[in-house]
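Input: a single structure, listed below in structure tokens.
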Amino acid sequence: MEKKDFEAWLDNISITFLSLTDLQKNETLDHLISLSGAVQLRHLSNNLEILLKRDFLKLLPLELSFYLLKWLDPHTLLTCCLVSKQWNKVISACTEVWQTACKNLGWQIDDSVQDPLHWKKVYLKAILRMKQLKDHEAFETSSLIGHSARVYALYYKDGLLCTGSDDLSAKLWDVSTGQCIYGIQTHTCATVKFDEQKLVTGSFDNTVACWEWSSGAKTQHFRGHTGAVFSVDYNDELDVLVSGSADFTVKVWALSTGTCLNTLTGHTEWVTKVVLQKCKVKSLMHSPGDYILLSADKYEIKIWPIGREINCKCLKTLSVSEDRSISLQPRLHFDGKYIVCSSALGLYQWDFASYDIVRVIKTPDFSNVSLLGFGEIFALLFDNRYLYIMDLRTEELISRWPLPEYRKSKRGSSFLAGEMSWLNGLNGQNDTGLVFATSMPDHSIHLVLWKEHG
């Protein structure tokens with residue numbers, strides 16, 4: 001057929017086709033398809049894909065694609081990644097989407113990472129770890145064996161765990177290997193704290209002592225308390241050691257000489273915790289960078305300035321009940337900005353700048369739950385049967401881990417949290433090492449550790 005004649009025929013056919021009903025049009029197309037050969041069918045297939053299957057991620061500018069993807073949840077996005085290599089490439093490079101997904105899971109975000117594909121990989125790692133926590137499969141257990149009597153004091157730092165026992169010894173353990181690095185003869189230990197060179201112990205014999213790890217020699221002895229010493233803290237820069245005792249007092253000592261610089265009175269119960277730390281906020285009573293001393297008993301938390309004046313006055317006394325009807329658990333968290341303590345009513349958080357209670361977290365049967373660690377995202381809690389992780393954004397318990405029948409201590413010295421940086425948000429590197437340690441009736445130490453990523 002000549003071109004001119006074909007064009008005239010095609011115009012007539014088109015006009016007729018447009019006048020047909022939808023059903024007639026479909027029948028016409030079916031008939032034409034049945035008459036078509038391979039060349040025509042291939043041509044039809046190629047053009048239909050262009051007309052009907054518009055790949056918007058391929059056609060849209062990248063910025064618009066990213067904007068649309070932000071409205072989808074991560075699970076849907078992972079499914080979309082299976083559509084094609086192009087979709088997977090575009091979706092994987094949508095940094096903001098994956099960063100937001102990671103934040104929602106409680107993971108820390110490092111904005112300095114420039115790799116556009118990095119955050120999807122982080123999310124996949126995060127979702128696996130959060131599933132392990134939900135399914136109670138994130139941890140594993142181990143034991144340290146070596147003491148021959150009750151282990152009363154524990155202290156953890158940088159992968160090392162110190163244990164003080166009634167067998168008149170203190171041991172330093174490498175948690176990752178379970179090996180004992182040092183073992184020295186001491187007095188009975190009610191509390192311990194250490195660094196690379198020395199060990200400081202508070203004892204049931206009413207004294208505090210400083211020991212050298214390498215030789216086991218006692219380098220300083222602090223005498224003056226008339227009751228057992230349940231808590232110690234020190235700072236080499238200040239040359240100060242503080243101790244809390246069953247004699248209701250807090251003493252401030254010169255670390256290098258053993259001289260008592262001050263005795264702080266005002267507590268009416270055993271002082272079970274002292275904390276010496278820098279303040280990070282400004283108020284009428286202190287400035288950022290000032291060292292602050294906290295001391296706690298069964299009902300109150302007292303805040304003291306660290307000075308060498310004899311008549312040191314308490315800056316503030318915190319409590320959860322005026323009539324002392326509610327007691328505090330023997331665990332105290334202070335990060336320089338907030339003080340957190342647990343009680344029979346729940347977790348109490350005070351703003352250190354104003355000393356006001358800014359948050360009370362209550363959960364069912366909280367009278368038996370104690371605080372181990374408190375961060376920006378998570379809190380670590382435990383009771384007689386389980387170790388718990390709470391998401392502080394929702395105040396819901398997101399994981400638990402069974403605990404054996406450990407030896408219970410009213411003064412909280414025989415159990416502790418391990419690494420705690422993950423409480424401010426997981427990041428794929430900080431969920432390793434020790435989570436929790438407690439002494440057992442058979443004088444061993446029960447360890448709960450992060451399981452390696454699957």
Alpha carbon centroid spacing (whole Å) that separates the stretch 345-397 from the stretch 19-47: 69
Dimensions (Å) - the stretch 138-252, Cα atoms, principal axes, largest first: 41, 32, 30
Values of log10 I(q)/I(0), in the order q = 0.20, 0.21 Å⁻¹, for the stretch 220-354 under a Debye, Cα-only, solvent-free model: -1.22, -1.33
Computed P(r) (all Cα pairs; the stretch 12-114; 10 Å bins; percent): 12, 28, 20, 16, 15, 7, 2
Within the accessible area of the stretch 255-373 (1.4 Å probe), percent carbon and sulfur: 48
Long-range HN-HN contacts of SER245 with modeled amide H, under 5 Å: PHE230, VAL271
Descending principal axes extents, the stretch 1-60, alpha-carbon based, whole Å: 42, 29, 24
At most 14 other Cβ within 10 Å, DSSP loop - GluC sites (Glu not before Pro), the stretch 257-337: GLU309, GLU322
Förster radius 35 Å - calculated FRET efficiency between ASP195 and GLU96, Cβ distance, rounded to 0.05: 0.25
Computed over the chain, the ratio Rg/Rh where both radii use C-alpha atoms and Rh is Kirkwood: 1.26
Packing-based order for 109-117, 175-183, using average beta carbon neighbours within 10 Å, highest first: 175-183, 109-117
Chain lengthening between ASP55 and ASN368 when straightened (0.36 nm per residue, less Cα-Cα): 106.9 nm
Segments 376-387, 38-49 sorted - mean Cβ within 10 Å per residue, highest first: 376-387, 38-49
Positive-end residue of TRP401, VAL369, LEU57, charge dipole of the chain with Cβ unit charges: VAL369
Distance in nm between pseudo-label sites at ASN47 and GLU27 (7 Å out along the Cβ direction from Cα): 2.3
Sites ASN235 and GLU322, calculated FRET efficiency, Cβ-Cβ separation with R0 41 Å, nearest 0.05: 0.75
Helix-derived mean residue ellipticity, 222 nm - over the chain, DSSP H n ≥ 4, -39500 (n - 2.57), to 500: -6500 deg cm²/dmol
Where the chain is the region considered: accessible area per residue in Å², 1.4 Å probe: 51
Charge dipole of the stretch 254-335 about the Cα centre (unit charges at C-beta), most positive-ward option of THR272, CYS260, LEU328: CYS260
Chymotrypsin sites (Phe, Trp or Tyr not before Pro) restricted to the stretch 1-93 and DSSP loop, no more than 15 other C-beta within 10 Å: TRP71
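The values are calculated or read from the model by the stated rules, or taken from the named source; none is laboratory data. Quick caveat: nothing in here was measured; it's all calculated off a predicted structure. Cβ coordinates were reconstructed from backbone atoms using ideal geometry, including for glycine residues, and neighbour counts include every protein chain displayed. Note: accessible area is taken over every heavy atom of the protein model, side chains too, but ligands, DNA and RNA are not part of it. Shrake-Rupley method; radii C 1.70, N 1.55, O 1.52, S 1.80 Å.
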